[in-house]
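**Q** Have a look at this one.
The values are calculated or read from the model by the stated rules, or taken from the named source; none is laboratory data. For clarity, every value in this text was computed on a predicted model and none was experimentally measured. Cβ placement follows ideal geometry from the backbone for every residue including glycine, while neighbour counts extend to all protein chains displayed.
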Amino acid sequence: MRHALKIVLVAVACLTPAAQAATVASVYSPDGALKVELDLNGEGRLAYRISRKGQPLVSDSRLGFIFADDRQFLRNLKLHAQAARSFDETWEQPWGERRFIRNHYNELRATLVESDRDHRRFDVVFRVYDDGIGFRYEVPKQPALEQVRIQQELTEFVIARPATAWWIPALEWNREEYLYHRTPLQEVGVAQTPITLRTDDGVHVSIHEAALVDYAGMNLMRGERGKLRALLTPGTGGAPVVRRTPFATPWRTLQVADRAGGLVESNLILNLNEPNRLGDVGWFKPHKYVGVWWSLHLDKETWATGPKHGATTENTKRYIDFAAANGFRGVLVEGWNPGWDGDWFANGWDFDFRKPTQDYDLQGLAAYAKSKGVHLVGHHETGCAVSHYERQMDEAFALFRRLGIDAVKTGYVCDAGQIERQDVANGPVLREWHEGQWMSGHHLRVLEAAAKHQVAINAHEPIKDTGLRRTYPNWISREGARGQEFNAWGDPPNPPEHEVTLVFTRMLAGPMDYTPGVVSLTGKNGLELQSTLARQLALYVALYSPIQMAADLPEHYAQHQDAFQFIKDVAVDWDESRVLAGEVGEYVAIARKQRGSPQWFIGAINDRNPREVSYRLTSSTQASATVRRSTATARAPTGRAPRDSVSCARPAK
Ligand code: NOJ
Ligand code: CA
């Protein structure tokens, strides 16, 4: 539903040629606090800068391209034209952390043309919101630029003030599954986005991207004095990105807020994506699920067939009964299909997604689930043999559709850079990166094939989230961070500050299938989780996803009926979400209003330092919190987090 759609064309003008370091164009956010200025220096190099409330936030940061097979595209530029417009609409999410989203920005489009030789041109488009900025390059079709091989973008983000950064390394073997570094900005190495920054005078900034389509994911490489520079993920086409004109890059984004919670409440990434392309996705129901999963990570059961096989008919019936008895819609079963025997990490080409193993009566179980109002949740681990998966996926989704399986967890377990791409059967196998251009295309091919059969996708070891769930609302969730599985076997398991950091970093990109609810607080071989029961519950609210797993074993829930009651009751779809209190990596309290109900839930999680947070809940739309930092000494990470480190309450109203 759309209301209040308003587009105002403000100005279109031709401009004077650039003089020495001249500011040639500018645009303000609707509330006037953020200002973007474009500058051309004497060499015709283009830069932007951002100020906030009159103070510099991003100082002159260059823009342009370096091509692999053509002259660089960053000097001798002239501003040919500029156009400005304002836009204001409110759109509705089919599911989400809030129902209605206002998309309100001022836009500046600047057309830059080379003054020499081929007169190559591009537009740079800035959209300036109250909660941040998005900009992208749009390269039109032109005789001197038909196919381009982008070696690098020369896009810079020069933070004008000293800052602290929370970041994970890019281009490492374990993809996104790292603990976050907290360092001064000058000590960032090569980081993935989103990266979160807090300037020493308290402004919070998240740098990321929106609408990563047919392009390589952007990482950030530290340069001199507060400078971060785009570093595109490699690809196999002779450059990270190969495109034909016309094309647009993804939006490069800076979310900006005084409060850390302001970053979490920002809708900038979604707003910069195109509207829903799939039409009515009412067939996807946000839900909670249980299944054959934690037992595999504990080594109590195996993905492989044999005496410990988890995906047997009998065992799955037990989970279906458990789901039905406790009101869970979904039952995930991993290891249901051929390909897991032996070293499945290395044998992705053995996976068959169209038939079950012999000890798994897929048809019978789907019917049994249906008779109890439960749906099996599908699982497609590709082992990174991605072309092999693409060849089967249409049939695989059609099979699931026939069986009432309308959500599928996909997986891409292999070291980074080891995705296997084979364009023709029996042809050469090329190695791609999870975050590269080819994988950006792969994930959309999966979404489109799945949507045709009304199937929703939850990708593990995915490409990063850039808000494409707005355009493809069957992209319901993903992993893309160090999840609960590390609490089964991680070395170390997730420390208390990890999930708090996720809220202000990874979660700014979009929903995460963290798989909370391990009430036993115990991993493999008795490994003690650095967590608490309250935290395992609070995660259902703190880490947003429209699907949430109750990850622990049924027998463990039987021992924790009180905690289990909360997991049964907690909502997964929301009208509204607010951050009551929080600091990056330290603590956070989030309140969410259940969709279509007056009920609110609050989840609060903490690092290892005891503190008290009190909320004043005055009405359904107003809440405030006070925080008192305890003077107690921080506890060592060896044991559990202090018992008072998390709290969780419902209802709030
Ligand atoms: C890694 C996923 O994150 C995990 O949830 C899954 O169980 C395994 N891969 C197997 O697909
Ligand atoms: Ca994983």
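**Q** Within the range 433-444, work out how many residues are outside any loop (DSSP other than H, G, I, E, B) and within 16 Å of ligand 2 (Cβ to nearest atom).
**A** Selection size over the range 433-444: 2.
**Q** Does the range 120-138 contain any residue that is at positive phi and in contact (Cβ under 8 Å) with a residue 40 or more places away in the chain? Give the steps one after another, and end with the answer.
**A** Step one: list which residues in the range 120-138 are at positive phi, which gives 132.
Now restrict to residues that are in contact (Cβ under 8 Å) with a residue 40 or more places away in the chain: 132.
Within the range 120-138, one or more residues are at positive phi and in contact (Cβ under 8 Å) with a residue 40 or more places away in the chain.
**Q** Oh, and also: Could you list all residues from the range 381-416 that are part of a loop (DSSP other than H, G, I, E, B), within 16 Å of Arg354 (Cβ to Cβ) and away from ligand 1 (no atom under 16 Å from the Cβ)?
**A** Answer for the range 381-416, where residues must be part of a loop (DSSP other than H, G, I, E, B), within 16 Å of Arg354 (Cβ to Cβ) and away from ligand 1 (no atom under 16 Å from the Cβ): Leu403, Ile405.
**Q** Provide a single number: the residues in the range 305-359 that are within 19 Å of Asp406 (Cβ to Cβ), surrounded by 21 or more Cβ atoms within 10 Å (Cβ to Cβ) and not small (Gly, Ala, Ser).
**A** Matching residues across the range 305-359 total 12.
**Q** Name, by its number, the condition in (1) touching a residue at least 60 places away in the same chain (Cβ under 8 Å); (2) surrounded by 24 or more Cβ atoms within 10 Å (Cβ to Cβ); (3) of a type outside the set (Ser, Thr, Tyr); (4) within 16 Å of ligand 2 (Cβ to nearest atom) that does not hold for Val413.
**A** The one condition Val413 does not meet is (2).
**Q** Can you name every residue in the range 466-491 that is part of a loop (DSSP other than H, G, I, E, B), within 16 Å of ligand 2 (Cβ to nearest atom) and either over 14 Å from the mean Cα position of the chain (by Cα) or aliphatic (A, V, I, L, M) (or both)?
**A** If the condition is that a residue be part of a loop (DSSP other than H, G, I, E, B), within 16 Å of ligand 2 (Cβ to nearest atom) and either over 14 Å from the mean Cα position of the chain (by Cα) or aliphatic (A, V, I, L, M) (or both), then Ala481, Gln484, Glu485, Gly490, Asp491 are the ones that fit.
**Q** Checking the condition more than 16 Å from ligand 2 (Cβ to nearest atom), among the aliphatic types (A, V, I, L, M) and crowded, with 22+ Cβ neighbours inside 10 Å, which residue from Leu447, Leu430, Leu403, Leu399 passes? Even if it seems obvious, please write down each step before you answer.
**A** On the way: Leu430 fails: crowded, with 22+ Cβ neighbours inside 10 Å; Leu403 fails: crowded, with 22+ Cβ neighbours inside 10 Å; Leu399 fails: crowded, with 22+ Cβ neighbours inside 10 Å.
None of the other options fit; the residue is Leu447.
**Q** Let me ask something else about it. Within the range 399-406, does at least one residue satisfy the condition of being more than 22 Å from Pro338 (Cα to Cα) and not charged (D, E, K, R)?
**A** First pass over the range 399-406, keeping only residues more than 22 Å from Pro338 (Cα to Cα): none.
Scanning the range 399-406 turns up no residue that is more than 22 Å from Pro338 (Cα to Cα) and not charged (D, E, K, R).
**Q** Can you find a residue in the range 215-224 that is closer than 19 Å to Phe65 by Cβ, out of contact with any Lys or Arg (no Cβ under 9 Å at 6 or more places or on another chain) and modelled with pLDDT of 95 or more?
**A** Yes, the range 215-224 contains at least one residue that is closer than 19 Å to Phe65 by Cβ, out of contact with any Lys or Arg (no Cβ under 9 Å at 6 or more places or on another chain) and modelled with pLDDT of 95 or more.
**Q** Having 2 or more residues that are of a type in the set (A, V, I, L, M, F, W, C) and at pLDDT 95 or above is the bar; report the strands (runs of 3 or more DSSP E) wholly within the range 83-201 that clear it. I'd like the intermediate steps shown before the answer.
**A** Details: elements: 100-114, 121-129, 132-139, 147-153, 156-159, 163-167, 181-184, 195-199.
So the answer is 100-114, 121-129, 132-139, 147-153, 156-159, 163-167, 195-199.
**Q** Of these, Trp489, Trp438, Trp433, which one is in contact (Cβ under 8 Å) with a residue 12 or more places away in the chain, under 27 Å from Leu268 (Cα atoms) and in contact with a helix residue (DSSP H, G or I) (Cβ under 8 Å, 6 or more places away or on another chain)?
**A** Only one candidate qualifies: Trp433.
**Q** Does the range 141-155 contain any residue that is within 20 Å of Pro240 (Cα to Cα) and of a type in the set (Gly, Ala, Ser)?
**A** There is no residue in the range 141-155 that is within 20 Å of Pro240 (Cα to Cα) and of a type in the set (Gly, Ala, Ser).
**Q** For the range 464-519, which residues satisfy the criterion of being of a type in the set (D, E, K, R), farther than 29 Å from Arg259 by Cβ and away from ligand 1 (no atom under 15 Å from the Cβ)? Even if it seems obvious, please write down each step before you answer.
**A** Our first condition is that a residue be of a type in the set (D, E, K, R); within the range 464-519, this holds for 464-465, 469-470, 478-479, 482, 485, 491, 497, 499, 506, 513.
Among the residues that remain, those that are also farther than 29 Å from Arg259 by Cβ are: 485, 491.
Residue satisfying the conditions is Asp491 alone.
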